[in-house]
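**Q** Sharing a structure, written as structure tokens. Questions coming.
Computed from the coordinates by the stated procedures, all read-outs in this text should not be read as laboratory data. Owing to the predicted nature of the structure, the values given are computational and were not obtained by experimental measurement. Please note: Cβ atoms are built from the backbone with ideal geometry, for glycine as well, and neighbour counts cover all protein chains shown.
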Amino acid sequence: MTAKLAVLISGNGSNLQALIDATAAGILPAQIAVVVSNRRGAYGLERARRAQVPACYHPLKPYRDAGRSRAEYDADLAALVMEYAPDWIVLAGWMHILSDSFLRCFPGRVVNLHPALPGQFPGAHAIDDALAAFGRGEIGQTGVMVHLVPDERVDEGPPLATETVPIHRGDTHGTLAARIHTVEHRLLVDTLRKLITNNCQPQLATGH
Ligand code: GRF
């Protein structure tokens, strides 16, 4: 079984690259049907072009400038994505909260990657927040999760996979981010592979 993926990005796209490499190597039985970025300068767009994957830039600003709503932006994003008929929508560093006007088009099909464990450090500064909590002696480790996105809550939703990542004394943002990204690249590929082969169920027992 080969699944079609739509991958939404906003930045570097190292996780997109992991997906590109895994599909090319046959590790992930998937085809990346389209990559969409909400930022023109996202390096992930270049990664998509190099891999000859269709890449689209879908910015919010023209909507704002025209007084149009985020719901309209999200509805147009959904229409764009739907043209590629993906089985799964993968948010791989997508820095935009999706409203129901997008999510209702893909029920149970949107997967997010977040550099923290369930219930910890939602939002765009999860790695720095974890470092700060470590500095205060509150935690000794952080982690990575892959989860479904059923609604507009940020970095919440039924976890599909989690993995802890140790924090070491003397870690900087760079050293911890590198350790986290290494885990992310493997966990995202592994979780999608299990989803595609119907071998992955949400971890509902966590209460999320
Ligand atoms: C990752 O840490 C992901 O968990 C978070 O954004 C980052 C994206 O990194 N949501 P990259 O663009 O895939 O390199």
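**Q** Would you point out the residue of the stretch 1-27, among those that are of a type in the set (V, I, T) and either within 14 Å of the ligand (Cβ to nearest atom) or in a loop (DSSP other than H, G, I, E, B) (or both), that is surrounded by the fewest Cβ atoms within 10 Å (Cβ to Cβ)?
**A** By that ranking, first place goes to T2.
**Q** Can we say D155 is among the acidic types (D, E), closer than 25 Å to S37 by Cα and buried (at least 21 other Cβ atoms within 10 Å of the Cβ)? Break it down stepwise before answering.
**A** Details: among the acidic types (D, E): yes; closer than 25 Å to S37 by Cα: yes; buried (at least 21 other Cβ atoms within 10 Å of the Cβ): yes.
Against the criterion (among the acidic types (D, E), closer than 25 Å to S37 by Cα and buried (at least 21 other Cβ atoms within 10 Å of the Cβ)), D155 qualifies.
**Q** Could you grab me the full set of residues in the stretch 105-134 that are touching a His at 6+ places or on another chain (Cβ under 8 Å), hydrophobic (A, V, I, L, M, F, W, C) and not in a strand (DSSP E or B)?
**A** A126, I127, L131
**Q** Which condition does A51 not pass, out of (1) more than 15 Å from R104 (Cβ to Cβ); (2) surrounded by fewer than 13 Cβ atoms within 10 Å (Cβ to Cβ), if it passes all the others?
**A** Of (1) more than 15 Å from R104 (Cβ to Cβ); (2) surrounded by fewer than 13 Cβ atoms within 10 Å (Cβ to Cβ), only one is false for A51: (2).
**Q** Which residue out of L113, L131, L98 is more than 18 Å from the chain's Cα centre (by Cα) and either within 11 Å of the ligand (Cβ to nearest atom) or buried (at least 16 other Cβ atoms within 10 Å of the Cβ) (or both)? Don't jump to the end; show me each part of the working.
**A** Details: L113 fails: more than 18 Å from the chain's Cα centre (by Cα); L98 fails: more than 18 Å from the chain's Cα centre (by Cα).
Testing whether each residue is more than 18 Å from the chain's Cα centre (by Cα) and either within 11 Å of the ligand (Cβ to nearest atom) or buried (at least 16 other Cβ atoms within 10 Å of the Cβ) (or both) leaves just L131.
**Q** Are any residues in the stretch 135-173 under 20 Å from W94 (Cβ atoms) and part of a strand (DSSP E or B), and if so, which ones?
**A** Across the stretch 135-173, the qualifying residues are G143, V144, M145, V146, H147, L148, P159, L160, A161, T162.
**Q** Which residues, counting only those in the stretch 28-44, are within 13 Å of the ligand (Cβ to nearest atom), in contact (Cβ under 8 Å) with a residue 40 or more places away in the chain and in contact with a helix residue (DSSP H, G or I) (Cβ under 6 Å, 6 or more places away or on another chain)?
**A** G44, the sole residue that qualifies.
**Q** While we're looking at this one, here's another question. Exactly one of (1) part of a strand (DSSP E or B); (2) in contact with a helix residue (DSSP H, G or I) (Cβ under 7 Å, 6 or more places away or on another chain); (3) surrounded by fewer than 21 Cβ atoms within 10 Å (Cβ to Cβ) is unmet by A177. Its number?
**A** It is condition (1) that A177 fails.
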